[in-house]
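This report concerns only the one structure given below.
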Amino acid sequence: AFFYTDRPLRSDPSVNRQGREFPFGSDSLFLVDTSSLNPWAAFPTGSLSRYNLLHAVLVRNAVSLLSDAGYLPADGSPNDAIGVISPYAVQARLIQTLIEDRLGPAAAGIAATVHRFQGNEKDAIFLDLTDSTGAPVGMFLRATSREEEGARLLNVALSRARRHVVLVANVPYLRSNTDASAIIRPILDHFERHARTLSVKKFLPVGERELIEGLAAATGSGFALSSEGAGLFNEGSFYPAFRNDLETARKSIVLFSPFATEAGTSRWIELLRAAVLRGVHVRLLTQPPVDGDADLALASRQLVQSLRSIGVVVDLRLQMHEKIAVIDGNVLWHGSLNVLSHRNTHESVLRIESREVCDLVGRLVGKDGRRRDAPELHVAENPKCTVCGGPTVWVRSRDGIVFRCEDRVCAGVVGGRRPDDRSRRNRRTGRPAERTDRARIACPRQGCDGQLTERKGKFGRFLGCSRYPRCRHTQNVE
């Protein structure tokens with residue numbers, strides 16, 4: 001009805017006379033609203049794709065329930081029962097990895113993007129809309145016309161199901177961040193009116209366990225997660241469980257915490273010091289000091305220096321938002337809680353044991369992106385400044401990822417050429433495009449994190465800040 005207004009598609013009557021009984025109920029539509037868990041979406045490094053780990057684990061657990069109930073073929077025959085669709089290749093790959101961890105060969109081909117499902121049908125389709133806090137809504141859900149590619153892909157995704165559609169979405173977020181005329185809005189309305197609501201606690205029970213061992217007997221879900229060591233924690237149950245992981249770490253501790261405060265870091269500082277002393281590699285990724293407030297900037301610099309003095313590798317990244325911890329390359333914590341600055345707010349954090357998932361997420365957030373030969377996550381990525389030899393800050397720029405010196409007085413910048421620079425050509429002459437070092441100069445304006453790039457105005461060429469119009473600093477090319 002939303003895509004073929006003149007002649008809506010209808011299932012052949014034979015569809016409902018065949019097929020297995022769906023364990024979640026006989027309804028055609030099901031809705032899982034994840035907003036109560038505050039899920040986060042994130043960009044992989046160097047990509048505009050998105051992933052949402054909480055959604056991925058929720059879908060994995062749902063598929064596990066269906067498998068335990070006998071809904072998947074058990075004799076090795078082709079799977080025509082369940083399909084999982086995500087708008088994003090990264091998310092589909094993450095879900096597929098998780099399902100394979102749980103189901104082994106029976107998981108073959110369950111999760112994919114819409115394009116891979118063209119011409120394919122399953123009895124039940126899980127449609128994971130993925131988009132949530134942390135990244136802007138993608139093309140798939142921004143479409144306002146049935147002729148747009150996003151709308152066509154949404155049509156394909158919904159029509160792959162013979163009998164049941166399970167929609168997984170952060171519904172309030174999508175309502176607040178899509179245009180009123182977006183096609184997804186009336187579809188969400190339709191699901192809220194007509195679909196059976198499935199509680200997120202059915203698939204991600206929030207545990208009040210105080211020790212990691214309690215994960216072996218998760219309660220309230222109807223099935224055990226001990227083989228994956230997964231569980232959802234709130235701000236109260238997180239601290240003792242995370243402390244136990246830090247105390248038992250033997251190889252590496254990697255923390256992604258966009259903001260670090262003295263009070264927040266003090267909870268963990270002695271555990272991190274003890275880990276370093278027993279030979280554990282400890283690495284922190286956080287944002288550089290904010291120049292706008294002199295006192296906060298000074299406190300932030302002092303905190304970074306204190307952590308470095310006890311042997312913690314601190315790599316600074318500009319405009320990061322990931323909240324992740326990886327212990328020994330096998331335990332992943334991922335959610336909305338900022339480990340080194342959390343205050344008394346309601347948060348949710350997911351813990352999952354899976355070396356494959358840790359490896360995949362590590363490659364998604366690392367400098368080398370999806371390269372399988374990328375260094376391990378605990379290895380420092382920020383190089384030394386080639387001018388003064390000091391530490392550098394990771395910066396995303398129009399030239400790709402560059403590393404500028406932490407000392408703003410020093411204009412040293414490392415990197416900045418995109419991998420495909422050699423093949424870039426001037427459209428008019430066909431010659432290789434020229435690049436200048438001026439494109440990598442940090443903006444000298446106090447408090448600005450932009451870079452000066454060469455531009456052309458009505459009076460000729462000039463250098464302007466990449467943060468324009470927020471920063472209007474300019475200077476002559478000479």
- Message: Give the residue list of trypsin sites (Lys or Arg not before Pro) in region 260-326 that are DSSP loop and have at most 15 other beta-carbon atoms within 10 angstrom.
- Response: Arg267, Arg278
- Taking a label point 7 Å from the Cα of Ser176 along the Cα→Cβ vector, which residues of region 38-61 have an amide N closer than 14 Å to it? 38-41
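Mind giving me the FRET efficiency for Gln302 and Ser36? R0 is 35 Å, r the Cβ-Cβ distance, nearest 0.05 is fine.
Computed FRET efficiency for Gln302 and Ser36 comes out at 0.40.
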- Query: With each pseudo-label sitting 7 Å past Cα toward Cβ, what's the Glu270-Thr133 distance in nm, one decimal?
  - Reply: 3.2 nm
- Message: Using the crude model of +1 on Lys and Arg Cβ and -1 on Asp and Glu Cβ, and no other charge, please compute the dipole size for region 240-321 relative to its Cα centre, in debye to 20.
- Response: 460 debye
- Rg and Dmax of region 1-136, Cα atoms only, in Å: 15.8, 48
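Starting from the residue with the highest accessible area, list Ser336, Ser397, Ser181 in decreasing order, probe 1.4 Å.
Working: Ser336 10, Ser397 30, Ser181 65 Å².
Heavy-atom accessible area, descending, gives Ser181, Ser397, Ser336.
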- How much length is gained on full extension from Val379 to Arg396, taking 0.36 nm per residue of separation minus their Cα-Cα distance? 4.1 nm
- Query: Non-local amide H neighbours of Thr133 (under 5 Å, H modeled in plane, Pro and chain starts lacking H): which ones?
  - Reply: Ala41
- Item | Cα→Cβ-extended label distance, 7 Å offset, between Gln446 and Asn244, nm | 5.1 nm
- Note on the structure: Interchain or sequence-distant (5+) residues whose placed amide H lies within less than 5 Å of the amide H of Ile82 are Asp123, Ala124
- Task: Just subtract the alpha-carbon distance of Arg472 and His115 from 0.36 nm times their residue separation and send over the number in nm, one decimal.
- Result: 124.2 nm
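The values are calculated or read from the model by the stated rules, or taken from the named source; none is laboratory data. Everything quoted here is computed from the prediction, not taken from an experiment. All Cβ positions, even for glycine, are placed from backbone atoms using ideal geometry, and neighbour counts span all protein chains on display. Each accessible area value is taken on the protein alone, full model and side chains, heavy atoms only, with ligands, DNA and RNA left out. Shrake-Rupley method; radii C 1.70, N 1.55, O 1.52, S 1.80 Å.
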